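The values are calculated or read from the model by the stated rules, or taken from the named source; none is laboratory data. Predicted, not measured: the structure shown is a model, and the values here were computed from it. Methodologically, a virtual Cβ is constructed for each residue, glycine included, from the backbone with ideal geometry; neighbour enumeration extends over all protein chains shown.
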Amino acid sequence: MQIAVYGRQFGKQFVPFARKLFDRLKEKNIQFSIYGPFYKFMREEAGLDLSTDNLFTSYENLDKKSNFVFSIGGDGTILETITIVRDSGIPVVGINSGKLGFLATIAKEDIDMAIDALLSGNYAVEKRGLLELVSPPETFGNFGFALNEFTLQKKNSAMITIQVWLNDRFLSAYWADGLIVSTPTGSTAYSLSVGGPLVTSDIRGFIISPIAPHNLTVRPIVIPDNSIIRLKVNCRIGEFLLSMDHHSAVMPVETEILLKRSEFDISLIRLEDQDFYTTLRNKLMWGADKRN
């Protein structure tokens, strides 16, 4: 087996678990490559001797023959990992070194069990759709895709108006602080915080949710994911903020935004004892009630 390892910096409390991970890989004779900056951090800051010079720094020099990409961090690290994986089809294994870990579902205490499950094939592969920024192109370099959401937001205290068309049919004009277009994966992220619905990952749809709308009749809506979404902003200062997962850019008000589902999916690994509903209960305290 060959894996690639991507990660962020982590706290001292995770060092023993990181050491356990790489010791386990060596014990099982699993070959691995490591993201260059993460390798440097682990050697210089975490004090781990990984005994390898097999490094990668981007999608271009990622070993496409890798069976898995291990993403060590939290959900933000998963979002960064997909910019490395892209359309390679390599499944992503999320190992949680942080707190919530809704996408990075493997707890640090379960690293040994997770590696054994991967070796024995006791896991499922979940396909996750992405949103693609069709226009304007190159806004976020050569990777204009979001696993969670695209967001249009105001730059100052004044509200903005966002007009929305679906397949060239007018949907509505939103007078609000902003608008979120979310994937089902992103339904547990920013969209959830503004009152958007929870959507399971196998639903073929997108969620459009206004941020602090100045109209009580405006609510989030779920639309088919074969829709071409066209957005136009009106605002006083002539600029607005466009965000894609963890990236942001300031756009002139005359910019027209086109979004659609990407031609490729991202594969996330789910162990057999995990599912969406268990994660909801454990991570988001879904249905928790002290009376029960």
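The number of residues in the range 223-262 being assigned to a loop (DSSP other than H, G, I, E, B), touching a residue at least 60 places away in the same chain (Cβ under 8 Å) and either touching a Pro at 6+ places or on another chain (Cβ under 6 Å) or more than 20 Å from GLY196 (Cβ to Cβ) (or both) comes to 6.
Under the condition of being among the hydrophobic types (A, V, I, L, M, F, W, C), in a loop (DSSP other than H, G, I, E, B) and under 23 Å from the mean Cα position of the chain (by Cα), the residues counted in the range 34-82 number 1. For the range 10-36, name all the residues that are under 17 Å from ILE84 (Cβ atoms) and either surrounded by fewer than 14 Cβ atoms within 10 Å (Cβ to Cβ) or not assigned by TED's automatic domain parsing to the domain that holds GLU60 (or both). GLY36, the sole residue that qualifies.
Among the residues of the range 1-33, those that are in a loop (DSSP other than H, G, I, E, B) and within 23 Å of the chain's Cα centre (by Cα) comprise ARG8, GLN9, PHE10, GLY11. Could you grab me the full set of residues in the range 207-219 that are touching a Pro at 6+ places or on another chain (Cβ under 8 Å) and within 22 Å of HIS246 (Cβ to Cβ)? Across the range 207-219, the qualifying residues are ILE207, ILE208, SER209, PRO210. If you go through the range 255-292 and keep only what is among the aliphatic types (A, V, I, L, M), surrounded by fewer than 17 Cβ atoms within 10 Å (Cβ to Cβ) and closer than 29 Å to MET244 by Cβ, you end up with LEU258, LEU280, LEU284, MET285. Inclusion of THR105 among residues that are touching a residue at least 60 places away in the same chain (Cβ under 8 Å), out of contact with any helix residue (DSSP H, G or I) (no Cβ under 7 Å at 6 or more places or on another chain), among the hydroxyl-bearing types (Ser, Thr, Tyr) and closer than 30 Å to LEU242 by Cα is not warranted.
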